[in-house]
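Asks: Questions regarding the structure given below will be posed in turn.
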Amino acid sequence: MKGTVLFLCVILAAATSCKTNKEFNHLKMAQMSDDLFPELVEIRRGLHQHPELSGQEVRTSQIVATYLRELGMEVHTNKGGHGVVGILNTGKPGKKIAWRADMDAIKSEDAEDHSFQSLNPGVSHNCGHDVHTTIGLGIANVMSQMKEQIDGQVYFIFQPSEEAFTGAQAMMQDGLLDVIQPDEIYALHVFPSQVGTVQTKSNELFAYQQTIVLNFKSSTNDSVETYINSVLESLNRQFNSGTPSSLNELTDEKLGLVNQETIYRDYFFSTPVNQIASSDAEMSFQFTIYETDQQKMGAAVLNLEKEIGSSKYSNDLIGVVSLSKNPTVQNDPSLTGESLDMLTNTYGNDRIQRMYGQIPYFNEDFTYFQDHISGVLFLLGASNDEKGILAMPHSPEFKVDEKAINYGVQYFSSLMVKRINGEGM
């Protein structure tokens, strides 16, 4: 009996010790993130001052490569342009996971009015990729410090030309998967939810979108543009009262993405029709449609053609052209559920939030990595209502609360360790 009791005590002590070690690791990562924060803020501000457009990320990629080398990683450069890949090899067998960050900027005036405002006129990081790059470096730093406590390999992909929607494909075509062989891949994008929160969902994260061009004879009545707009408006569909074509309710408690009754759950709408060309022979009109159900995309175009075909403009329609469309981000359902559970168990439901809708207008070429590797794209809150900070990407007033850097490094270093060590699975 004494032997049995002693055995049980030993087992209980071992289990308690393992639990304590895991908790210690989590607390240690939080402390690492806090310690790194001042350094990372300086890196972010330096990147923010020197934004580089798609295909021009020379300075940014050099900073990234140097930082990864100083962490002792194997580094590959010039992948798919100015792409950089860092490899953290623990020397132990195990899972292989990747973290991806994009580096490029956009043509836009800088909304920041601080000392680190963009020094490149007309170019800025008004989409937050300077923050993405910085968080990626922070995660790489923390994971390097945790090297003895993890197994397998961790890959850090710093991608060029995301805004051009070409960078991911370029890296893949340049043999990325000959250099690394990840089992899973993760990434984030800053989002206008409150700083300290993370959101995502399984399957489609964004709406499907397609640009359509209608060509008419030049003799067509000028009212055809008004007519097309009226037909498109009649085809609109929405799940709940509200306006899914507006981004104002994205973070609203009742209508926003984290409410199951969100207006962004099931919809179809189009942008206003614009005349883009006119000649002696024909004139052209263009618009973009947004649809949450991929199978209904084709039906919308057919319905439009049918309506025009039965109208007084039927003999004037020359043709309908569907311009090339990009796929949308498809989060792996299994990985999404497991990752959200892991993060929620550590940080709670208030910070880790499940989404129920699809975001219109935006998209991410992270989807091209997902074509080959199961992965999840997260949305990291970077707004702060109390400080008047709104992190709406591509908007004129775009700003971020830099505390998002600390949260991003802490949350996703924790997730990466849990994923690679198989904790909570």
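Asks: Restricting the search to the stretch 369-425, which residues are more than 19 Å from ILE106 (Cβ to Cβ) and among the basic types (Lys, Arg)?
Replies: Those that are more than 19 Å from ILE106 (Cβ to Cβ) and among the basic types (Lys, Arg): LYS387, LYS403, LYS418, ARG419.
Asks: Follow-up. Please state which one of GLY348, GLY381, GLY337 is under 30 Å from LYS147 (Cβ atoms), touching a Lys or Arg at 6+ places or on another chain (Cβ under 9 Å) and not acidic (Asp, Glu).
Replies: So the residue among GLY348, GLY381, GLY337 that is under 30 Å from LYS147 (Cβ atoms), touching a Lys or Arg at 6+ places or on another chain (Cβ under 9 Å) and not acidic (Asp, Glu) is GLY381.
Asks: Could you tell me which of the residues SER202, SER193, SER230 is among the polar types (S, T, N, Q) and over 24 Å from the mean Cα position of the chain (by Cα)?
Replies: On the way: SER202 fails: over 24 Å from the mean Cα position of the chain (by Cα); SER193 fails: over 24 Å from the mean Cα position of the chain (by Cα).
Testing whether each residue is among the polar types (S, T, N, Q) and over 24 Å from the mean Cα position of the chain (by Cα) leaves just SER230.
Asks: Would you tally the residues in the stretch 137-168 being within 21 Å of the chain's Cα centre (by Cα), in a loop (DSSP other than H, G, I, E, B) and not hydrophobic (A, V, I, L, M, F, W, C)?
Replies: Selection size over the stretch 137-168: 5.
Asks: While we're looking at this one, here's another question. When the residues of the stretch 384-414 are narrowed to those that are over 30 Å from ILE150 (Cα atoms) and among the acidic types (Asp, Glu), which ends up farthest from the chain's Cα centre (by Cα)? Step through it out loud before you land on a result.
Replies: First, the residues of the stretch 384-414 that are over 30 Å from ILE150 (Cα atoms): 384-401.
Checking which are among the acidic types (Asp, Glu) leaves us with 385-386, 397, 401.
Details: ASP385: 22, GLU386: 25, GLU397: 20, ASP401: 18 Å.
Here the answer is GLU386.
Asks: Exactly one condition in (1) touching a Ser or Thr at 6+ places or on another chain (Cβ under 8 Å); (2) within 27 Å of SER395 (Cβ to Cβ); (3) among the charged types (D, E, K, R) is not met by GLU261; state its number.
Replies: Exception for GLU261: condition (1).
Asks: Still on this structure: Can we say GLU52 is in contact with a helix residue (DSSP H, G or I) (Cβ under 9 Å, 6 or more places away or on another chain) and either free of Cβ contacts under 8 Å to residues at least 24 places away in the same chain or within 24 Å of GLN117 (Cβ to Cβ) (or both)? Give the steps one after another, and end with the answer.
Replies: Details: in contact with a helix residue (DSSP H, G or I) (Cβ under 9 Å, 6 or more places away or on another chain): yes; either free of Cβ contacts under 8 Å to residues at least 24 places away in the same chain or within 24 Å of GLN117 (Cβ to Cβ) (or both): yes.
Criteria met by GLU52.
Asks: Quick one: in the stretch 205-227, of everything that is in a strand (DSSP E or B) and β-branched (Val, Ile, Thr), which residue is farthest from the chain's Cα centre (by Cα)?
Replies: Start the filter on the stretch 205-227 by keeping residues that are in a strand (DSSP E or B), which leaves 206, 208-217.
From what's left, β-branched (Val, Ile, Thr): 211-213.
Numbers: THR211: 22, ILE212: 25, VAL213: 28 Å.
That would be VAL213.
Asks: Still on this structure: Restricting attention to the stretch 67-84, which residues are part of a helix (DSSP H, G or I) and hydroxyl-bearing (Ser, Thr, Tyr)?
Replies: Of all residues in the stretch 67-84, those part of a helix (DSSP H, G or I) come to 67-70.
The answer is TYR67, and nothing else.
Asks: Kindly indicate whether ASP178 is surrounded by fewer than 24 Cβ atoms within 10 Å (Cβ to Cβ), in the same structural domain as LEU379 (by TED's automatic domain parsing) and in a loop (DSSP other than H, G, I, E, B).
Replies: On the way: surrounded by fewer than 24 Cβ atoms within 10 Å (Cβ to Cβ): yes; in the same structural domain as LEU379 (by TED's automatic domain parsing): yes; in a loop (DSSP other than H, G, I, E, B): no.
Judged against the criteria, ASP178 is not a match.
Asks: Please verify whether the stretch 311-321 includes one or more residues that are free of Cβ contacts under 8 Å to residues at least 24 places away in the same chain and hydroxyl-bearing (Ser, Thr, Tyr).
Replies: yes
Asks: Next question, about the same structure. Quickly run through the stretch 239-269 and pick out the residues that are more than 24 Å from the chain's Cα centre (by Cα), polar (S, T, N, Q) and within 17 Å of ASP293 (Cα to Cα).
Replies: ASN240
Asks: Hey, another quick one. Can you name the number of the only condition in (1) of a type outside the set (A, V, I, L, M); (2) out of contact with any helix residue (DSSP H, G or I) (no Cβ under 6 Å at 6 or more places or on another chain); (3) not assigned by TED's automatic domain parsing to the domain that holds ASP102 that LYS217 fails?
Replies: All conditions pass for LYS217, except number (2).
Asks: Of the numbered conditions (1) over 30 Å from VAL84 (Cα atoms); (2) touching a Phe, Trp or Tyr at 6+ places or on another chain (Cβ under 9 Å); (3) not hydrophobic (A, V, I, L, M, F, W, C), THR226 fails exactly one; give the number of that condition.
Replies: (2)
Asks: Separate question: Could you look through the stretch 57-72, keep only residues that are touching a Gly at 6+ places or on another chain (Cβ under 9 Å) and touching a residue at least 24 places away in the same chain (Cβ under 8 Å), and pick out the one that is nearest to GLN145 (Cα to Cα)?
Replies: Filtering first and then ranking leaves LEU71.
Asks: Yes or no: the stretch 12-24 includes at least one residue that is out of contact with any strand residue (DSSP E or B) (no Cβ under 9 Å at 6 or more places or on another chain), surrounded by 13 or more Cβ atoms within 10 Å (Cβ to Cβ) and at pLDDT below 95.
Replies: Yes, that holds for at least one residue.
The values are calculated or read from the model by the stated rules, or taken from the named source; none is laboratory data. Small disclaimer: the values here were computed from a predicted structure and weren't measured. Backbone-built Cβ (ideal geometry, glycine too); neighbour counts: all protein chains shown.
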